[in-house]
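S.K.: Got a structure here, written out as structure tokens. Questions coming.
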Amino acid sequence: MDAFRLDNKVALITGAGSGLGKQFALTLADAGAVVVLAARRREKLEETAETIRRAGGTAMCCDLDVTDSVSIAACFEEIQTTVGAADNSMFLINSATCLSSSTTSTLSRLPCRTGRAMPFSRANSSTSR
């Protein structure tokens, strides 16, 4: 895991209270990232944050409705105030299940690092040879 260290990086994870979002949060925290858990169900976020903290990681929770641009802006403002993430030290994982094109557009304007994911079929083709 040393080749995949994320110390001094901040991971904003939408939908982090359950499913893949929760697993992303646990994995990234284990790699050293400060994780910002964002979703509508605060109690699920707090459970995930507590798991991360017990394992020695750093996590904060942010109430977020990805369909509401005001909620998105407030969450990002809270991150800047609490964590103080520099633009180049933060990345975003959209794991919320109700992203519309307008929400994706709003989230993409946040000052986070962006990248493109490789399609699943192409990613698996190199491992199946």
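The values are calculated or read from the model by the stated rules, or taken from the named source; none is laboratory data. Computed from a predicted model, the values in this text were never measured in an experiment. Positions of Cβ are backbone-derived with ideal geometry, glycine not excepted, and every protein chain shown enters the neighbour counts.
S.K.: Let me confirm something: among 79, 72, which residue is more than 14 Å from residue 40 (Cβ to Cβ) and either of a type in the set (A, V, I, L, M, F, W, C) or modelled with pLDDT of 75 or more (or both)?
M.R.: None of the other options fit; the residue is 79.
S.K.: I've got another one for you. Determine whether residue 54 is surrounded by fewer than 18 Cβ atoms within 10 Å (Cβ to Cβ), closer than 15 Å to residue 17 by Cα and not acidic (Asp, Glu).
M.R.: no
S.K.: Working carefully through the options 66, 70, find the one that is under 16 Å from residue 92 (Cβ atoms) and over 12 Å from the mean Cα position of the chain (by Cα).
M.R.: 66
S.K.: So which residues in the range 28-57 are modelled with pLDDT of 95 or more, part of a loop (DSSP other than H, G, I, E, B) and more than 17 Å from residue 83 (Cβ to Cβ)?
M.R.: Result: 55, 56.
S.K.: Restricting to the range 3-27, what's the tally of residues that are assigned to a helix (DSSP H, G or I) and either closer than 19 Å to residue 74 by Cβ or touching a residue at least 60 places away in the same chain (Cβ under 8 Å) (or both)?
M.R.: The total comes to 4.
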